[in-house]
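Report on the following structure.
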Amino acid sequence: MKIIVDSACDLPLSYLEENQVEVLPLFVIMGDQEYTDMYEITNEKIYDFIKEGKHPRTSQVSLEKFYTCFHKLAMKSENSIYITLSSELSGTYQTAMIAYNQVKEEFPKWDLRIIDSQNASLGIALMAREAIEMLENGFSIDEIEERVRFMIDHTVSLFTVQDLNYLAEGGRLSKSGAFLGSLLNIHPLLQVVDGKLVPQEKFRGRKRVLNRMYERLEKEADQIKEQTILIVHTNDHEIVQEMKEYITQNMKPAEIIDYPIGAVISAHTGMGTIGIFYLNQFE
């Protein structure tokens, strides 16, 4: 059996390859150049591009790439689970379904479960890591799918961003609101709700929005001492270290892991993005 993810999961390619996960990359467009996410562009390169005041664009996995991947797995009779980027944020899920139906005509017995994560970045990673571990421990495709779908209903994905103009570019915030918010040092707390990035609250200064994240984590995370908490960032190592120390000392989760945000997601959120991911019901 094979676990499949797209590059919007923001897990390191080295981790995915080590665990024999099939990766379907999206694309990042910088100027006139198109790059295959994870393979042809590094996080650092896109961060530098953003720091120059430029706005990268992205495009979804192509139908051809989906068909090629699925056809290869079907020929080997390798049943699979694909955890996709939210269908509310990308057409990736819909395109995957088209490719699957095409391959299914030739290989009707091949079993592929395409699961809309209704999430992005490490919200997907939280589910993918669990699926990988379950696969290693011999769980069936039905058991893994059931757990992933449970996690979809109970994953909390909180974000804050530094540059409100990136949210305005993506239609998440009015341009006048972004301008005023930047002048007032406003940091929004955003949450992925039903697959969409939704503003929740606004705070003056980064410290206040981070404190709100801690409050919510402490209040909402179920059985936190059993959980792995994930943090995503744009190489803000000092802030991340402070976050990890605070959460460890005050809440004592089983583990905290941080990863840099990937090229596709950072193209829409900009620099200074911080996200935290956990379950509000563990089992």
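The values are calculated or read from the model by the stated rules, or taken from the named source; none is laboratory data. Keep in mind it's a predicted model, so treat the numbers as computed, not measured. Ideal geometry is used to build each Cβ from the backbone, glycine not excepted, and the neighbour counts take in all protein chains shown. Accessible surface is based on the protein model in full, side chains and every heavy atom, while ligands, DNA and RNA are left aside. Shrake-Rupley method; radii C 1.70, N 1.55, O 1.52, S 1.80 Å.
A compact table of results
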read-out	value
Residue within segment 217-225 that is touching a strand residue (DSSP E or B) at 6+ places or on another chain (Cβ under 6 Å) and β-branched (Val, Ile, Thr) present	no
Matching residues in segment 264-273 - criterion: being over 11 Å from the mean Cα position of the chain (by Cα) and either polar (S, T, N, Q) or open to solvent by 10 Å² or more (accessible area, probe 1.4 Å) (or both)	His268, Thr269, Met271, Thr273
Ile276 being more than 18 Å from Ser117 (Cβ to Cβ), of a type outside the set (Asp, Glu) and open to solvent by less than 70 Å² (accessible area, probe 1.4 Å)	no
Any hit, segment 75-92, residues being farther than 22 Å from Leu11 by Cβ and not polar (S, T, N, Q)	yes
Pairs where the first residue, in segment 81-96, is more than 11 Å from Ile4 (Cα to Cα) and the second is modelled with pLDDT under 95 and in a strand (DSSP E or B), C-beta under 8 Å, 6+ apart	Ser86/Val192; Ser86/Lys196; Glu88/Lys196; Leu89/Lys196; Leu89/Leu197
Candidates Asp194, Asp222, filtered to the one that is charged (D, E, K, R), within 24 Å of Gln60 (Cα to Cα) and surrounded by fewer than 20 Cβ atoms within 10 Å (Cβ to Cβ)	Asp194
Sole residue being at pLDDT 85 or above, within 23 Å of Ile231 (Cβ to Cβ) and not in a strand (DSSP E or B), chosen from Val156, Val148, Val192	Val148
Residue satisfying condition, being over 28 Å from Ile239 (Cβ atoms) and either among the small types (Gly, Ala, Ser) or buried (at least 22 other Cβ atoms within 10 Å of the Cβ) (or both), within set Ala125, Ala131	Ala131
Number of positions in segment 197-216 that are exposed (fewer than 14 other Cβ atoms within 10 Å of the Cβ) and hydrophobic (A, V, I, L, M, F, W, C)	1
Only listed residue being modelled with pLDDT of 95 or more, under 19 Å from the mean Cα position of the chain (by Cα), within 21 Å of Gly123 (Cβ to Cβ) and aliphatic (A, V, I, L, M), chosen from Leu11, Leu89	Leu11
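This table checks each residue for (1) at pLDDT below 95; (2) surrounded by fewer than 18 Cβ atoms within 10 Å (Cβ to Cβ).
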residue: Glu226; (1), (2): no, yes
residue: Leu230; (1), (2): no, no
residue: His237; (1), (2): yes, yes
residue: Met243; (1), (2): no, no
residue: Met251; (1), (2): no, yes
residue: Gly262; (1), (2): yes, no
